[in-house]
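Nothing in this text is a laboratory measurement; each read-out follows from the coordinates by a stated rule. Computed from a predicted structure; not experimentally measured. Cβ sites come from the backbone with ideal geometry, for glycine too, and all protein chains shown count toward neighbours.
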């Protein structure tokens, strides 16, 4: 049986009342303490021996963007810990329409113990945190996806061939946005062998690259940003990807993006290049077949029957650990909530 977890254990982490807005705000030791706590909470849940350290705590979750994994992770995590979650979306709250993020934060933090946000602009979650009296968590913005990084690193730790060794991973695809930025920065902080493999036009902004190199000097991380598939993939334990196009983007963007990224599709040849034990990772949802509205449309328009950013055969293979990632969203978000609120 796993040793009992107490509030004193949690307070010793030194993260009480901290916001979680982006990876750059934390040290490797702090991020590892959240991951270690997630491991412990995951095991306690499995043993049906989890303490309710957030009893009577209330979370306000503002979701401007649709969500499956982030929404249910916050909800179940709070419920498991004895707390409650109230969800606010664009149609049921005033934020951004009739009320500023600052005013929203000042209202919610009088009533709730914490605030979660999932939306477009990083500036909004930063403003919420600035004016809030309680912790604020970034569940995704266009620029950063820090809660996903906790899940990704826990998943990679669980699947390492040699636990405790330096993690090596690559990201294939459009690296200009939240997943590319966060995987690059998180790897730099955590001392990982981190590769961004993408057309140069889709690399992270130079300011993000510079910040990554600065943190890598302290951690010993190896950073590679390249257009060369062989250079970026060879020897990587984990191969990450994300969707190439989003609902609402015009067809002209799809055409250009797909043509740019076709060479960077995660398929069996890419996994073979990475190595015999390499694993495929995806933050989901994935367009690996034509059984979704957008997947069917892309398949029809661009003759991509076998999958878009990841092929169907890889997605359905034992190499795919994206559903472990999905489960670990809940365990790591729970750890974050407990570390900052208990």
For segment 174-232, which semi-axes, largest first and in whole Å, follow from the square roots of 5 times the eigenvalues of its Cα gyration tensor?
17, 13, 9
Percent of C-alpha pairs per 10 Å bin, the chain, short to long
6, 25, 33, 25, 10, 1
Sort 17, 324 by Cβ crowding within 10 Å, fewest neighbours at the top.
17, 324
Which residue fluctuates the most in the chain, going by a Gaussian network model with Cα springs under 10 Å, if the choices are 243, 293, 125?
293
Return the percentage of antiparallel bridges among DSSP beta bridges fully within the chain, rounded to the nearest 5 %.
5
Once the Cα atoms of helix 28-46 and of the chain are each reduced to a long axis, what angle between those two axes, in degrees from 0 to 90 to the nearest 10, is obtained?
80
Taking Cα centroids, how far is segment 197-226 from segment 267-331 in Å?
25
Folded to 0 to 90 degrees: helix 322-341 orientation relative to the chain principal axis, Cα
30
Interatomic Cα distance distribution for segment 263-342, bins of 5 angstrom, percent
3, 14, 20, 18, 15, 11, 8, 6, 3, 1, 0
Pick out which of 328, 32, 303 has the largest mean-square fluctuation in a Gaussian network model of the chain, springs linking Cα atoms closer than 10 Å.
303
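Evaluate the Kirkwood expression for the hydrodynamic radius of segment 169-281, namely the inverse of the mean inverse distance over all pairs of different C-alpha atoms, and round to one decimal in Å.
For segment 169-281, the Kirkwood estimate is 14.2 Å.
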Which order do 200, 57 fall in if you start with the one that has the fewest other Cβ atoms within 10 Å?
200, 57
Under a GNM of the chain (C-alpha, springs under 10 Å), which listed residue has the highest mean-square fluctuation: 93, 73, 278?
93
Report, in deg cm²/dmol and to the nearest 500, the calculated mean residue ellipticity at 222 nm for the chain, where each DSSP H run with n ≥ 4 adds -39500 (n - 2.57) and the sum is divided by the residue count.
-13500 deg cm²/dmol
Please determine, in degrees from 0 to 90 and to the nearest 10, the orientation of helix 206-219 with respect to the longest principal axis defined by the Cα atoms of the chain, where the helix direction is its Cα long axis.
70
Take each of the peptides 140-147, 192-199, average the number of other beta-carbon atoms within 10 Å over its residues, and list them starting from the highest.
192-199, 140-147
At a 10 Å Cβ-Cβ cut-off, how would you order 335, 91, fewest neighbours first?
91, 335
Using alpha carbon centers only, segment 25-89 is separated from segment 129-165 by a whole-angstrom value of 12
Given N residues in segment 94-228, what is its alpha carbon radius of gyration divided by 2.2 N^0.38 Å?
1.21
